[in-house]
Amino acid sequence: MHYFAIKKGWLWCEGVRTVDIAKKTGTPVYIYSHRTLAEHYLKIDAAFSGTEHLICYSLKANSSMAVINSLAKLGSGADIVSGGELFRALRAGIPAGKIVYAGVGKTSEEIEAALKKGVSMFNIESMPEAERINSIAGKLCKKANVAFRVNPDVDPDTHHYITTGKKENKFGINISLAAGLFIRAHKKLKNLNVTGVHIHIGSQITKTGAYVEALKKIAVLISKLRESGLIITSLNIGGGLGIIYSNEKPSTPAEFAEKILPVIRPLGVRVIMEPGRFIAGNAGILLAKVTYIKKGENKNFVIVDAGMNDLIRPSLYDAYHNIIPAQPASGKMKADIVGPICESGDFFGKNRLVPILREGQYLAVMSAGAYGFSMASNYNSRRKPAEVLVKGNKFFVVRKRETYEDLTRGECVPGCL
């Protein structure tokens with residue numbers, strides 16, 4: 001579900017024609033629908049309304065301040081994985097008490113900053129990390145609330161780059177070792193409140209079976225921990241709910257909750273969730289302009305002014321994004337939709353059947369709200385695009401397009417040269 005729609009050949013975002021945005025801001029430009037963001041968040045909230053829960057939006061999916069603030073006003077917390085995301089979350093209006101700090105490589109400086117700000121909980125990935133948090137908390141005369149991330153060794157049936165819950169992945173603690181580590185930390189690391197269990201099995205998961213399998217294993221683990229004297233009050237089930245890019249049929253939040261809550265409710269824990277893609281993915285598009293139509297011997301190429309530096313998912317994951325004209329077009333042509341980057345991997349779609357296009361027309365790469373701008377780079381010394389938020393019949397530039405001066409900001413040439 002989203003609020004992008006074709007009306008008489010023109011692509012609209014809520015009450016604004018996207019071409020009108022492009023003419024104002026230039027291209028490439030990311031365009032986000034506020035209504036879509038809000039409704040996706042509220043659907044998850046409603047699905048778990050009968051259970052104590054906290055939704056911590058995953059900033060890695062889309063860390064635009066306007067996106068975060070929109071969700072903060074709905075009551076969202078934040079899932080963060082860096083000091084920079086902590087800074088963003090707080091500045092965008094997320095209370096520190098609703099922030100959970102995950103990630104395998106937290107530095108001492110990041111841990112100290114998070115403790116001083118009073119984040120709700122750390123999701124710990126290893127015993128060395130637990131020992132470091134314990135040490136820093138002791139120096140600050142604080143107690144850190146923590147959950148250990150457990151790797152349940154289940155296959156979520158998604159791209160191998162975004163599978164995170166199998167034993168060969170770098171994330172979490174193998175479930176066969178988890179109980180011993182929990183008990184050891186509880187007894188020896190006195191500056192930690194070990195009160196939670198965390199799992200995250202992957203991203204873009206369209207079937208609930210893997211979640212149910214993982215949570216059944218975690219339920220057994222929690223029972224063992226409680227028998228050993230630990231007071232486990234929270235279960236962080238991670239994120240990963242899939243969205244529709246093409247012909248996927250992911251579970252709705254209501255269907256997801258219906259399947260997993262029977263496993264969770266008997267545990268009597270607060271449920272923490274870390275959705276990112278589900279909230280932001282279909283809430284955004286990348287709008288680009290056709291620069292050239294290149295007719296080759298074997299195929300045609302539609303060259304646009306956006307590149308893999310703006311949206312890397314097709315190059316990195318061979319991910320599919322629907323690509324449609326943002327203005328009236330007719331006829332049919334088969335072509336690769338590519339960018340200007342000096343890499344053969346710079347493409348948005350291959351062998352696509354699209355309307356006959358011409359230079360100067362606008363194309364929309366759909367479902368680009370998650371892992372789009374947040375993974376953008378300056379490769380080929382290209383400026384990062386503008387970001388726009390649409391609310392009703394108004395739009396707002398929430399990030400200006402970078403200038404050429406921005407590309408060299410912070411650099412210098414040594415005098416010895």
Picking from I285, I243, the residue that is part of a loop (DSSP other than H, G, I, E, B) and either touching a Ser or Thr at 6+ places or on another chain (Cβ under 9 Å) or among the acidic types (D, E) (or both) would be I243
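Only one residue in L42, L86, L37, L74 is within 14 Å of the chain's Cα centre (by Cα) and either touching a residue at least 24 places away in the same chain (Cβ under 8 Å) or closer than 16 Å to G372 by Cβ (or both), so which one is that?
The conditions single out L37.
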A254 passes all but one of (1) aliphatic (A, V, I, L, M); (2) within 26 Å of the chain's Cα centre (by Cα); (3) buried (at least 20 other Cβ atoms within 10 Å of the Cβ); which number fails?
(3)
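Which residues, taken from the range 71-106, are basic (K, R) and within 18 Å of G239 (Cβ to Cβ)?
Of the residues in the range 71-106, the ones basic (K, R) are 73, 88, 91, 98, 106.
Answer for the range 71-106, where residues must be basic (K, R) and within 18 Å of G239 (Cβ to Cβ): R88, K98.
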Of the residues A178, A185, which is in a helix (DSSP H, G or I), more than 22 Å from the chain's Cα centre (by Cα) and at pLDDT 95 or above?
A185
Flag for K43 being farther than 21 Å from V388 by Cβ and assigned by TED's automatic domain parsing to the domain that holds R401:
no
Give S377, S344 a once-over and let me know the one that is part of a loop (DSSP other than H, G, I, E, B), among the hydroxyl-bearing types (S, T, Y) and without any contact (Cβ under 8 Å) to a residue 24 or more places away in the chain.
S344
Filter result for H159 (modelled with pLDDT of 95 or more, closer than 30 Å to G284 by Cβ and either of a type in the set (A, V, I, L, M, F, W, C) or within 24 Å of the chain's Cα centre (by Cα) (or both)):
no
Here's a check for you: in the range 174-227, which residue that is small (G, A, S), out of contact with any Phe, Trp or Tyr (no Cβ under 8 Å at 6 or more places or on another chain) and crowded, with 23+ Cβ neighbours inside 10 Å is farthest from G276 (Cα to Cα)?
A214
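The values are calculated or read from the model by the stated rules, or taken from the named source; none is laboratory data. Worth saying up front: this structure is predicted, and the values here are computed from it rather than measured. Please note: Cβ atoms are built from the backbone with ideal geometry, for glycine as well, and neighbour counts cover all protein chains shown.
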